[in-house]
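The values are calculated or read from the model by the stated rules, or taken from the named source; none is laboratory data. Please read all numbers here as calculations on a predicted model, not as lab measurements. Every residue, glycine as well, gets a Cβ built from its backbone with ideal geometry; the counts of neighbours run over all protein chains shown. Accessible surface is based on the protein model in full, side chains and every heavy atom, while ligands, DNA and RNA are left aside. Shrake-Rupley method; radii C 1.70, N 1.55, O 1.52, S 1.80 Å.
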Amino acid sequence: MDDMYREIILDHYKNPSYKGELDPCDLSFEDENPLCGDHLKIFLRVNENGIVTDARFNGHGCAISQASADLVVESIIGKNVEDLKKMTKEDVLDLLGFEDLGPVRLKCALLSLKVLKGGIYGVKDAEE
Ligand code: FES
Ligand code: FES
């Protein structure tokens, strides 16, 4: 791993900007990494135009999963929920500065995306 990115990951892990809870929130969702049992929850506030106005994450996990959650949450504020559905594994790896990861660490890195998408599609289902 590139030293600069190692630092970015450790920094987001130790000093996350978006760790916490939102109460009230419009959407929250939680899930776990089946490989380790680490648990992540994401909270979103979404305005009437579908724009994410605020977001937080909470939970436990390794440095990669927590840094990924902090970076993902940071990156979605100001975006339309519809656009978040198009967010891919590559987008998350980009945020973290990886081109690819082994399967175990990939699950860690993508836990936040899994939780985010679970929440978004859950809301959609609830509306239908
Ligand atoms: Fe997740 Fe090591 S970073 S297992
Ligand atoms: Fe559990 Fe990485 S080891 S999320």
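From the list GLU7, GLU30, the one residue that fits, being over 20 Å from TYR121 (Cβ atoms) and open to solvent by 50 Å² or more (accessible area, probe 1.4 Å), is GLU7. Residue by residue through the stretch 47-63, note down the ones that are outside any strand (DSSP E or B), open to solvent by 40 Å² or more (accessible area, probe 1.4 Å) and away from ligand 2 (no atom under 16 Å from the Cβ). ASN47, GLU48, ASN49 - these are the residues of the stretch 47-63 that are outside any strand (DSSP E or B), open to solvent by 40 Å² or more (accessible area, probe 1.4 Å) and away from ligand 2 (no atom under 16 Å from the Cβ). Candidates in the stretch 32-45 are the residues that are more than 11 Å from the chain's Cα centre (by Cα) and among the charged types (D, E, K, R); of these, the one that is nearest to ligand 1 (Cβ to nearest atom) is ASP38. Every listed requirement among (1) touching a Cys at 6+ places or on another chain (Cβ under 7 Å); (2) closer than 22 Å to LEU101 by Cα; (3) open to solvent by less than 20 Å² (accessible area, probe 1.4 Å) is met by LEU44 save one, (2). Taken over the stretch 64-101, the residue count meeting the criterion of being within 12 Å of ligand 2 (Cβ to nearest atom) and over 13 Å from the mean Cα position of the chain (by Cα) is 1. A search for C-beta distances below 9 Å between a residue of the stretch 91-103 that is open to solvent by 30 Å² or more (accessible area, probe 1.4 Å) and any residue that is of a type in the set (S, T, N, Q), counting only pairs 6+ apart in sequence or on different chains, returns ASP91/SER75; LEU95/SER68; LEU95/SER75.
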